Amino acid sequence: MSKRCISLLLLLTSFSILIGSCKKNEIIGSDISFISVYNASNNATSLNFLINGESIGASALTIGQKSLYYGVYEGVWSTEAIPSGTTGKTLVKDLTFVAGEHNSLFVIGPADSLDYFTIKDDINVKDPNQVKIKFLNLSPNAGSLNLEIALLGTVTSFPGLGYKQFSDYRSFNAGTIYTLTLKDSVTNNIVGMPVTAEFIQGKVYTVWAKGSLDATVESEKLGIQISELN
């Protein structure tokens, strides 16, 4: 067990509920739940996330960024998503943390009306010989989207996903450069900028649509974000 996974911060209670950033396969107790937090807001430039008053990570998450998994003692705890700037509004909500579960929590919506969207992660999907990828649509106004992943003219499509919908995992070969493109499911027109990526063997990824179709600020525009589960 790493030292950072057993160092506890003292609060007003006798112990901290957080156990630091940990690897998915690190065994640290049967009463621990794991959470990774994403800034998926369409315009909250950066935000801090707190559980029972304790901050996840050492710095704020910018749009598209995520934290590592953090261990949390099972139970119901108060959480806060605090956006930067004067127009943002802090989201305060109680969440239930279930022992043994791994969850990705996406902070979604505009900075003045944040909300949570949570996916239970399957940590057993990893294949040491393949890359695993799923697609998630978190663009609030882009409509139904297709994700196409292309290699040398061969295209794998994740079709027709609406807002907050996600696909099953699919397997890909590692060590090659893929082109990823978002398309409107109705018109088949490209939306957002295509990106290229090289995926690492044995890793698990979520490719997700972020931002708004009508945004003018670069960081808030519709685009593709690639996040490794770790």
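We did not get these values from a lab; they are worked out from the coordinates using the rules stated. All of these numbers come straight from a predicted model, not from anything done at the bench. Every residue, glycine as well, gets a Cβ built from its backbone with ideal geometry; the counts of neighbours run over all protein chains shown.
Among 38-44, 105-111, the peptide with the highest mean count of other Cβ atoms within 10 Å heads the list, and the full ranking is 38-44, 105-111.
Can you tell me what percent of all Cα-Cα pairs in segment 131-228 are more than 23 Å apart? Tail of P(r) above 23 Å: 19 percent of Cα pairs. Find the percent of Cα-Cα distances in the chain that exceed 33 Å, and round it to a whole number. So the portion of pairs separated by more than 33 Å is 19 percent. Put simply, the amide H of Ser46, placed in the peptide plane, has neighbours under 5 Å in Ser84, leaving out anything fewer than 5 places away on its chain. Placing +1 on the Cβ of every Lys and Arg and -1 on the Cβ of every Asp and Glu, with no other charges, gives the chain a dipole of roughly 340 debye about its Cα centre. Distance between the pseudo-spin-label points of Asn141 and Val155 (7 Å out from Cα toward the beta carbon): 2.7 nm. Taking 25 Å as the cut-off for C-alpha to C-alpha distance, list the pairs among Lys93/Lys183; Lys66/Lys164; Lys134/Lys221; Lys132/Lys210; Lys66/Lys221 that go past it. Those over the limit are Lys93/Lys183.
The aspartates and glutamates within cross-link reach of Lys120, meaning a Cα-to-Cα straight distance under 14 Å and a gap of 8 or more places when in the same chain, are Glu101, Asp168. Taking the DSSP beta bridges with both ends in the chain, the antiparallel portion is around 80 percent.
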